[in-house]
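What follows is a set of notes on a single structure, which appears directly below.
The values are calculated or read from the model by the stated rules, or taken from the named source; none is laboratory data. Remember, predicted model here, so these are calculated numbers, not experimental data. Note that we place each Cβ from the backbone using ideal geometry, even for glycine, and neighbour counts take in every protein chain shown. Side chains included, ligands, DNA and RNA excluded: accessible areas come from the protein's heavy atoms. Shrake-Rupley method; radii C 1.70, N 1.55, O 1.52, S 1.80 Å.
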Amino acid sequence: MAVAQVTFEKSTSYDDALSRARFDFRWEDQFNLGLDPDTAREYHDETLPKDAHKVAHFCSMCGPKFCSMRISQDVRAYAAEQGVSPEAAIELGMREKSVEFVERGGDVYVQSGDREASDEERIEIPVPLVLVGLRQTPPPPGSKRPTPS
């Protein structure tokens with residue numbers, strides 16, 4: 001077997017292991033599989049410092065309500081409960097939410113006092129550090145910005 005093929009297989013296995021750890025919210029495994037575990041822990045702890053956050057099923061990027069990993073897990077669990085495929089579960093869930101929406105009056109915006117907040121909604125999550133790198137930096141002195149054509 002060629003060296004490139006062995007390297008590809010090892011890197012694929014490594015990437016798959018990291019992806020599984022991410023999907024399962026195994027934070028310690030994610031840190032340990034990272035290229036720099038200490039820095040990964042430091043970044044995580046800057047936004048989610050409590051020990052409870054090391055087992056949380058969300059991160060600071062999307063928070064507990066919009067985590068795509070968690071939503072995917074919830075859809076799979078719902079599908080299993082309903083005895084249908086994940087695709088059918090999405091359709092069924094959308095129908096249920098549509099009925100709930102109409103029953104609640106069809107208001108898009110509701111007052112925050114209309115219902116009790118869940119524990120996850122009470123967790124304060126600061127702005128993720130990832131967003132810091134997305135700011136547009138000013139051009140160096142004396143340079144001109146390109147004009148759109």
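Odds and ends about this structure:
- Neighbours by Cβ (under 6 Å, 6+ apart or cross-chain): first from the range 76-89, touching a residue at least 12 places away in the same chain (Cβ under 8 Å); second surrounded by 12 or more Cβ atoms within 10 Å (Cβ to Cβ) and polar (S, T, N, Q): A89/Q82
- Out of V102, V127, V108, one residue alone is of a type in the set (V, I, T), open to solvent by 90 Å² or more (accessible area, probe 1.4 Å) and modelled with pLDDT of 80 or more. It is V102.
- Number of residues in the range 28-42 that are at pLDDT below 90 and not aliphatic (A, V, I, L, M) equals 1.
- If the condition is being of a type in the set (V, I, T) and outside any helix (DSSP H, G or I), then the range 31-52 contributes no residue at all.
- Hits in the range 11-30 - residues which are free of Cβ contacts under 8 Å to residues at least 24 places away in the same chain and either in contact with a strand residue (DSSP E or B) (Cβ under 6 Å, 6 or more places away or on another chain) or assigned to a loop (DSSP other than H, G, I, E, B) (or both): D24, R26
- Test: residue in the range 91-102 that is of a type in the set (A, V, I, L, M), without any contact (Cβ under 8 Å) to a residue 24 or more places away in the chain and not in a helix (DSSP H, G or I): no
- Residue in the range 65-83 that is exposed (fewer than 10 other Cβ atoms within 10 Å of the Cβ) and modelled with pLDDT of 85 or more present: yes
- Members of the range 55-88 that are hydrophobic (A, V, I, L, M, F, W, C) and either within 18 Å of R20 (Cβ to Cβ) or not in a loop (DSSP other than H, G, I, E, B) (or both): V55, A56, F58, C59, C67, M69, I71, V75, A77, A79, A80, A88
- Residues that are surrounded by 11 or more Cβ atoms within 10 Å (Cβ to Cβ), within 14 Å of the chain's Cα centre (by Cα) and among the small types (G, A, S) do occur in the range 50-57, at least one of them.
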